[in-house]
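Submitted below is the structure of interest, expressed as C-alpha coordinates.
The values are calculated or read from the model by the stated rules, or taken from the named source; none is laboratory data. Computed from a predicted model, the values in this text were never measured in an experiment. Cβ placement follows ideal geometry from the backbone for every residue including glycine, while neighbour counts extend to all protein chains displayed. These accessible areas exclude ligands, DNA and RNA; they are computed on the full protein's heavy atoms, side chains included. Shrake-Rupley method; radii C 1.70, N 1.55, O 1.52, S 1.80 Å.
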Amino acid sequence: MARDRFAPDFDPDCGDGLLTNATQDIVIGRWQGLRDLLRITGADWLARGHRIRLLAQACASTSTAESWLAAEPYSADALVLRAATETARAFNLAIAAGRGTPIDQHRIDTAVTACLQAAEAYLDDPTPWISLISVARLYPAGVRRQELARWWDELHRRDPYSVEGHLQVLHYYSARWHGSHGLMYDFARDAAGVAPQGSALPVLVQYARVEEYRYALDAGHAGQSAVGLGQHWSHDGAVSDVRRTWQRWIIGRTDNGIAPGELRDLNYLAHAACYAGDKEVAGAVLRLLGPRATRTPWSYTGDPEVQFVKWRKEMRGRG
(Lines give C-alpha, C1' and ligand atoms only; values in the text may rest on other atoms or scores of the structure.)
Protein backbone atom coordinates (compact mmCIF):
# COMPACT_ATOMS: atom_id res chain seq x y z
CA MET A 1 0.00 0.00 0.00
CA ALA A 2 2.90 2.35 0.69
CA ARG A 3 3.89 2.18 -2.98
CA ASP A 4 0.50 3.57 -4.00
CA ARG A 5 1.16 6.66 -1.90
CA PHE A 6 4.36 7.48 -3.73
CA ALA A 7 4.76 11.17 -4.56
CA PRO A 8 7.73 12.69 -6.38
CA ASP A 9 9.83 15.29 -4.62
CA PHE A 10 10.09 18.37 -6.81
CA ASP A 11 12.44 20.23 -4.50
CA PRO A 12 13.51 23.27 -6.57
CA ASP A 13 16.94 23.14 -4.93
CA CYS A 14 17.32 19.44 -5.84
CA GLY A 15 18.02 18.36 -2.28
CA ASP A 16 20.71 20.97 -1.62
CA GLY A 17 19.82 21.90 1.96
CA LEU A 18 22.56 24.52 2.29
CA LEU A 19 21.25 26.24 -0.83
CA THR A 20 17.71 26.19 0.57
CA ASN A 21 18.90 27.91 3.73
CA ALA A 22 20.76 30.57 1.77
CA THR A 23 17.77 31.17 -0.50
CA GLN A 24 15.59 31.79 2.53
CA ASP A 25 18.04 34.53 3.55
CA ILE A 26 17.33 36.33 0.27
CA VAL A 27 13.69 36.76 1.25
CA ILE A 28 14.70 38.85 4.25
CA GLY A 29 17.42 40.70 2.34
CA ARG A 30 20.29 39.04 4.19
CA TRP A 31 23.32 38.48 1.95
CA GLN A 32 25.74 36.99 4.50
CA GLY A 33 24.32 33.50 4.00
CA LEU A 34 25.08 33.72 0.28
CA ARG A 35 28.65 34.72 0.98
CA ASP A 36 29.14 31.85 3.42
CA LEU A 37 27.60 29.31 1.03
CA LEU A 38 29.75 30.27 -1.95
CA ARG A 39 32.85 30.43 0.25
CA ILE A 40 32.45 26.82 1.36
CA THR A 41 31.47 25.70 -2.16
CA GLY A 42 34.86 26.80 -3.42
CA ALA A 43 36.01 25.37 -6.74
CA ASP A 44 33.49 22.53 -6.91
CA TRP A 45 32.29 23.80 -10.28
CA LEU A 46 29.26 21.51 -10.51
CA ALA A 47 27.93 22.57 -7.11
CA ARG A 48 28.95 26.20 -7.66
CA GLY A 49 27.18 26.46 -10.99
CA HIS A 50 24.02 24.84 -9.61
CA ARG A 51 23.98 27.11 -6.58
CA ILE A 52 24.72 30.34 -8.40
CA ARG A 53 22.09 29.64 -11.07
CA LEU A 54 19.35 29.13 -8.47
CA LEU A 55 20.53 31.91 -6.19
CA ALA A 56 20.47 34.28 -9.16
CA GLN A 57 16.88 33.35 -9.96
CA ALA A 58 15.93 34.13 -6.37
CA CYS A 59 17.96 37.36 -6.31
CA ALA A 60 16.54 38.66 -9.61
CA SER A 61 13.47 40.23 -7.98
CA THR A 62 15.37 41.62 -4.99
CA SER A 63 18.32 43.92 -4.29
CA THR A 64 20.19 41.34 -2.20
CA ALA A 65 23.00 40.80 -4.72
CA GLU A 66 23.50 44.57 -4.94
CA SER A 67 23.50 44.88 -1.15
CA TRP A 68 26.27 42.30 -0.91
CA LEU A 69 28.31 44.00 -3.62
CA ALA A 70 27.87 47.39 -1.95
CA ALA A 71 29.15 45.96 1.33
CA GLU A 72 32.01 44.00 -0.29
CA PRO A 73 32.73 45.64 -3.66
CA TYR A 74 35.85 43.55 -4.29
CA SER A 75 34.29 40.19 -3.51
CA ALA A 76 34.74 37.91 -6.53
CA ASP A 77 31.82 35.73 -5.38
CA ALA A 78 29.57 38.78 -5.14
CA LEU A 79 30.55 39.88 -8.64
CA VAL A 80 29.88 36.39 -10.04
CA LEU A 81 26.45 36.28 -8.40
CA ARG A 82 25.62 39.79 -9.60
CA ALA A 83 26.48 38.71 -13.18
CA ALA A 84 24.22 35.67 -12.96
CA THR A 85 21.48 37.80 -11.41
CA GLU A 86 21.64 40.37 -14.23
CA THR A 87 21.43 37.48 -16.69
CA ALA A 88 18.36 36.10 -14.92
CA ARG A 89 16.74 39.55 -14.96
CA ALA A 90 17.32 39.91 -18.69
CA PHE A 91 15.68 36.54 -19.32
CA ASN A 92 12.77 37.47 -17.05
CA LEU A 93 12.22 40.57 -19.19
CA ALA A 94 12.37 38.51 -22.37
CA ILE A 95 9.82 36.03 -21.00
CA ALA A 96 7.50 38.86 -19.97
CA ALA A 97 7.84 40.50 -23.40
CA GLY A 98 6.95 37.29 -25.19
CA ARG A 99 8.75 35.23 -27.80
CA GLY A 100 10.09 37.22 -30.73
CA THR A 101 9.78 40.58 -28.95
CA PRO A 102 13.22 42.14 -28.38
CA ILE A 103 14.01 43.72 -25.05
CA ASP A 104 16.00 46.88 -24.35
CA GLN A 105 19.52 46.11 -25.56
CA HIS A 106 20.91 48.13 -22.66
CA ARG A 107 19.67 45.45 -20.27
CA ILE A 108 21.50 42.77 -22.24
CA ASP A 109 24.64 44.93 -22.42
CA THR A 110 24.47 45.46 -18.65
CA ALA A 111 24.42 41.70 -18.08
CA VAL A 112 27.31 41.15 -20.52
CA THR A 113 29.40 43.83 -18.78
CA ALA A 114 28.67 42.27 -15.38
CA CYS A 115 29.74 38.86 -16.70
CA LEU A 116 33.02 40.19 -18.06
CA GLN A 117 33.73 42.00 -14.77
CA ALA A 118 33.03 38.80 -12.84
CA ALA A 119 35.27 36.76 -15.14
CA GLU A 120 38.08 39.21 -14.53
CA ALA A 121 37.54 39.14 -10.77
CA TYR A 122 37.52 35.32 -10.48
CA LEU A 123 39.88 34.12 -13.18
CA ASP A 124 39.44 30.38 -12.60
CA ASP A 125 35.65 30.34 -12.38
CA PRO A 126 33.76 29.02 -15.44
CA THR A 127 30.44 30.36 -14.12
CA PRO A 128 30.65 33.93 -15.54
CA TRP A 129 31.40 32.50 -18.97
CA ILE A 130 28.32 30.27 -18.72
CA SER A 131 26.23 33.34 -17.87
CA LEU A 132 27.81 35.25 -20.75
CA ILE A 133 27.03 32.58 -23.35
CA SER A 134 23.53 32.31 -21.95
CA VAL A 135 22.68 36.01 -22.20
CA ALA A 136 24.19 36.22 -25.70
CA ARG A 137 21.04 34.43 -26.93
CA LEU A 138 18.98 37.52 -26.16
CA TYR A 139 20.64 39.69 -28.80
CA PRO A 140 18.21 39.59 -31.75
CA ALA A 141 21.00 38.60 -34.14
CA GLY A 142 23.12 36.77 -31.59
CA VAL A 143 26.80 37.66 -31.34
CA ARG A 144 29.63 37.41 -33.83
CA ARG A 145 30.83 33.86 -34.37
CA GLN A 146 34.36 34.77 -33.33
CA GLU A 147 33.11 36.31 -30.10
CA LEU A 148 31.04 33.27 -29.18
CA ALA A 149 34.01 31.03 -30.01
CA ARG A 150 36.27 33.08 -27.75
CA TRP A 151 33.81 32.92 -24.86
CA TRP A 152 33.41 29.19 -25.40
CA ASP A 153 37.20 28.69 -25.37
CA GLU A 154 37.42 30.55 -22.04
CA LEU A 155 34.70 28.35 -20.54
CA HIS A 156 36.08 25.13 -21.99
CA ARG A 157 39.55 25.85 -20.65
CA ARG A 158 38.18 26.20 -17.13
CA ASP A 159 35.67 23.32 -17.11
CA PRO A 160 35.86 21.21 -20.28
CA TYR A 161 33.06 18.81 -19.30
CA SER A 162 30.55 21.29 -17.89
CA VAL A 163 27.06 20.13 -18.84
CA GLU A 164 25.55 23.52 -18.04
CA GLY A 165 28.14 25.30 -20.16
CA HIS A 166 27.58 22.97 -23.10
CA LEU A 167 23.83 23.30 -22.60
CA GLN A 168 23.95 27.08 -23.02
CA VAL A 169 25.83 26.69 -26.32
CA LEU A 170 23.31 24.04 -27.39
CA HIS A 171 20.45 26.46 -26.72
CA TYR A 172 22.26 29.18 -28.68
CA TYR A 173 22.66 26.83 -31.67
CA SER A 174 19.05 25.63 -31.53
CA ALA A 175 16.40 26.56 -34.08
CA ARG A 176 14.50 28.44 -31.38
CA TRP A 177 17.42 30.86 -31.11
CA HIS A 178 20.28 31.36 -33.56
CA GLY A 179 20.85 28.03 -35.26
CA SER A 180 19.12 24.94 -36.56
CA HIS A 181 18.22 21.43 -35.47
CA GLY A 182 21.19 20.09 -37.40
CA LEU A 183 23.68 22.48 -35.86
CA MET A 184 22.32 21.76 -32.39
CA TYR A 185 22.50 17.98 -32.78
CA ASP A 186 25.97 18.16 -34.32
CA PHE A 187 27.22 20.12 -31.33
CA ALA A 188 25.58 17.72 -28.85
CA ARG A 189 26.96 14.61 -30.56
CA ASP A 190 30.44 16.09 -31.00
CA ALA A 191 30.58 16.95 -27.28
CA ALA A 192 29.29 13.51 -26.31
CA GLY A 193 31.80 11.84 -28.60
CA VAL A 194 34.87 13.36 -26.93
CA ALA A 195 33.59 13.08 -23.36
CA PRO A 196 35.34 10.56 -21.11
CA GLN A 197 33.48 7.50 -19.92
CA GLY A 198 31.25 8.44 -17.00
CA SER A 199 30.82 12.06 -18.08
CA ALA A 200 27.24 13.32 -18.26
CA LEU A 201 27.82 15.11 -21.58
CA PRO A 202 26.11 12.40 -23.69
CA VAL A 203 22.79 13.55 -22.16
CA LEU A 204 23.10 16.69 -24.30
CA VAL A 205 21.51 14.68 -27.10
CA GLN A 206 18.42 14.18 -24.92
CA TYR A 207 18.35 17.93 -24.20
CA ALA A 208 18.53 18.52 -27.96
CA ARG A 209 15.57 16.21 -28.56
CA VAL A 210 13.50 18.17 -26.04
CA GLU A 211 14.54 21.43 -27.73
CA GLU A 212 13.39 20.10 -31.10
CA TYR A 213 10.06 19.04 -29.57
CA ARG A 214 9.55 22.47 -27.98
CA TYR A 215 10.31 24.15 -31.30
CA ALA A 216 7.65 22.04 -33.02
CA LEU A 217 5.08 22.95 -30.37
CA ASP A 218 5.99 26.67 -30.28
CA ALA A 219 5.95 26.98 -34.06
CA GLY A 220 2.63 25.17 -34.36
CA HIS A 221 4.19 22.44 -36.44
CA ALA A 222 2.61 19.74 -34.29
CA GLY A 223 -0.68 19.94 -36.18
CA GLN A 224 1.02 19.27 -39.51
CA SER A 225 2.07 15.77 -38.57
CA ALA A 226 0.67 14.42 -35.33
CA VAL A 227 2.02 10.98 -36.15
CA GLY A 228 5.50 12.32 -36.86
CA LEU A 229 5.60 14.23 -33.61
CA GLY A 230 4.29 11.20 -31.78
CA GLN A 231 7.27 9.23 -33.02
CA HIS A 232 9.62 12.01 -32.02
CA TRP A 233 10.75 10.15 -28.90
CA SER A 234 10.59 6.58 -30.17
CA HIS A 235 12.07 6.38 -33.66
CA ASP A 236 15.20 4.28 -34.10
CA GLY A 237 17.61 7.20 -33.76
CA ALA A 238 16.02 8.42 -30.53
CA VAL A 239 16.09 4.94 -29.03
CA SER A 240 19.75 4.47 -30.01
CA ASP A 241 20.64 7.82 -28.46
CA VAL A 242 19.07 6.80 -25.14
CA ARG A 243 21.00 3.56 -25.08
CA ARG A 244 24.24 5.34 -26.00
CA THR A 245 23.85 7.88 -23.20
CA TRP A 246 23.12 5.09 -20.75
CA GLN A 247 26.24 3.17 -21.75
CA ARG A 248 28.59 6.15 -21.95
CA TRP A 249 27.36 8.00 -18.88
CA ILE A 250 25.51 5.83 -16.35
CA ILE A 251 27.40 2.58 -16.88
CA GLY A 252 30.65 4.53 -16.65
CA ARG A 253 29.78 6.42 -13.48
CA THR A 254 32.08 5.79 -10.53
CA ASP A 255 29.89 7.62 -7.99
CA ASN A 256 26.65 5.96 -6.90
CA GLY A 257 25.31 9.18 -5.37
CA ILE A 258 23.45 11.93 -7.22
CA ALA A 259 24.74 15.48 -6.83
CA PRO A 260 22.04 18.19 -6.83
CA GLY A 261 23.66 19.68 -9.93
CA GLU A 262 23.11 16.53 -12.00
CA LEU A 263 19.56 15.71 -10.91
CA ARG A 264 18.01 17.53 -13.87
CA ASP A 265 20.31 15.65 -16.28
CA LEU A 266 19.14 12.32 -14.89
CA ASN A 267 15.51 13.38 -15.25
CA TYR A 268 16.15 14.18 -18.91
CA LEU A 269 17.55 10.70 -19.47
CA ALA A 270 14.68 9.07 -17.54
CA HIS A 271 12.12 11.04 -19.56
CA ALA A 272 13.77 10.11 -22.85
CA ALA A 273 14.05 6.43 -21.91
CA CYS A 274 10.39 6.25 -20.85
CA TYR A 275 9.11 7.80 -24.05
CA ALA A 276 11.54 5.76 -26.15
CA GLY A 277 10.13 2.61 -24.61
CA ASP A 278 13.51 1.42 -23.32
CA LYS A 279 12.27 -0.29 -20.20
CA GLU A 280 15.70 -1.42 -19.03
CA VAL A 281 17.19 2.07 -19.03
CA ALA A 282 14.01 3.77 -17.81
CA GLY A 283 13.57 1.36 -14.92
CA ALA A 284 17.19 1.63 -13.82
CA VAL A 285 17.33 5.44 -14.00
CA LEU A 286 14.00 5.85 -12.22
CA ARG A 287 15.23 3.58 -9.43
CA LEU A 288 18.40 5.63 -9.23
CA LEU A 289 16.32 8.80 -8.92
CA GLY A 290 13.87 7.45 -6.36
CA PRO A 291 11.43 10.27 -5.54
CA ARG A 292 13.83 13.02 -6.66
CA ALA A 293 12.35 14.76 -9.68
CA THR A 294 12.71 18.01 -11.63
CA ARG A 295 9.73 19.58 -13.34
CA THR A 296 11.52 19.83 -16.66
CA PRO A 297 11.49 18.00 -19.01
CA TRP A 298 8.30 16.27 -17.77
CA SER A 299 6.37 19.55 -17.95
CA TYR A 300 6.83 19.68 -21.73
CA THR A 301 4.82 16.51 -22.26
CA GLY A 302 2.11 16.88 -19.63
CA ASP A 303 1.65 17.20 -15.88
CA PRO A 304 5.06 16.45 -14.30
CA GLU A 305 3.74 14.65 -11.21
CA VAL A 306 1.22 12.54 -13.12
CA GLN A 307 3.85 11.47 -15.63
CA PHE A 308 6.55 10.70 -13.10
CA VAL A 309 4.19 8.53 -11.03
CA LYS A 310 2.74 6.80 -14.11
CA TRP A 311 6.10 5.89 -15.61
CA ARG A 312 7.48 4.76 -12.27
CA LYS A 313 4.58 2.33 -11.91
CA GLU A 314 4.97 1.07 -15.46
CA MET A 315 8.73 0.60 -15.18
CA ARG A 316 8.77 -0.84 -11.67
CA GLY A 317 10.97 -3.91 -11.53
CA ARG A 318 12.44 -3.26 -14.95
CA GLY A 319 16.15 -3.00 -15.74
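Dipole of the chain (Lys/Arg Cβ +1, Asp/Glu Cβ -1, origin at the Cα centre): which of Ser63, Ala284, Ala208 lies farthest to the positive side?
Result: Ala284.
OK, next. Given Cα pairs under 8 Å that are at least 6 residues apart, what percent is the relative contact order of the stretch 13-138?
23
Taking the Cα centre of the stretch 188-283 as the origin, how large is its charge dipole in debye, to the nearest 20, when only Lys and Arg (+1) and Asp and Glu (-1) carry charge on their Cβ atoms? Numbers along the way, then the final one.
Details: 9 positive and 11 negative charges, 25 e Å.
Computed charge dipole of the stretch 188-283: roughly 120 debye.
List the extent of the Cα atoms of the stretch 137-278 along each of their three principal axes, largest first, rounded to whole Å.
43, 42, 24
Follow-up question, since we're still on this one. Counting only protein heavy atoms and a 1.4 Å probe, tell me what percentage of the stretch 199-287's accessible area is made up of carbon and sulfur.
Carbon and sulfur together cover 47 percent of it.
Whole number in Å², please: accessible area per residue of the chain, 1.4 Å probe, ligands, DNA and RNA not counted.
Working: 14610 Å² over 319 residues.
Dividing the accessible area of the chain by its residue count gives 46 Å².
Roughly speaking, what % of Cα-Cα pairs in the stretch 82-144 are separated by over 15 Å, rounded to a whole number?
When every Cα pair of the stretch 82-144 is considered, 45 percent fall beyond 15 Å.
Place a +1 charge on the Cβ of each Lys and Arg in the chain and a -1 charge on the Cβ of each Asp and Glu, then give the dipole magnitude about the Cα centre in debye, rounded to the nearest 20. Walk me through the numbers before you get to the answer.
On the way: 36 positive and 37 negative charges, 163 e Å.
For this selection, approximately 780 debye.
Which percent of the Cα-Cα distances in the stretch 52-91 go past 11 Å?
In whole percent, the long-distance tail amounts to 54.
Roughly how many debye, to the nearest 20, is the charge dipole of the stretch 8-109 about its Cα centre, given +1 on each Lys and Arg Cβ, -1 on each Asp and Glu Cβ, and no other charges?
Taking the Cα centre of the stretch 8-109 as origin, the dipole is about 200 debye.
With N set to the residue count of the chain, report its C-alpha Rg divided by 2.2 N^0.38 Å to two decimal places.
1.00
Please report the carbon-and-sulfur percent of the accessible area for the stretch 26-131; probe 1.4 Å, protein heavy atoms only, DNA, RNA and ligands left out.
On the way: 2640 of 4810 Å².
Accessible surface attributable to carbon and sulfur in the stretch 26-131 totals 55 percent.
Sticking with this structure for a sec: Give the angle, between 0 and 90 degrees and rounded to the nearest 10, that separates the Cα long axis of helix 263-276 from the longest principal axis of the Cα atoms of the chain.
The two axes meet at around 30 degrees.
Here's another thing I want to ask about it. Taking amide hydrogens as modeled 1.01 Å from N in the peptide plane, which residues meet the under 5 Å criterion relative to Asp9, leaving out close sequence neighbours?
HN-HN under 5 Å from Asp9: Arg292, Ala293.
Spelling out what I want: for every residue of the stretch 290-300, take phi, set θ = phi - 60°, compute 6.51 cos²θ - 1.76 cosθ + 1.60 (Karplus), and round to whole Hz; glycine and proline get x.
x, x, 6, 10, 10, 5, 9, x, 4, 5, 7
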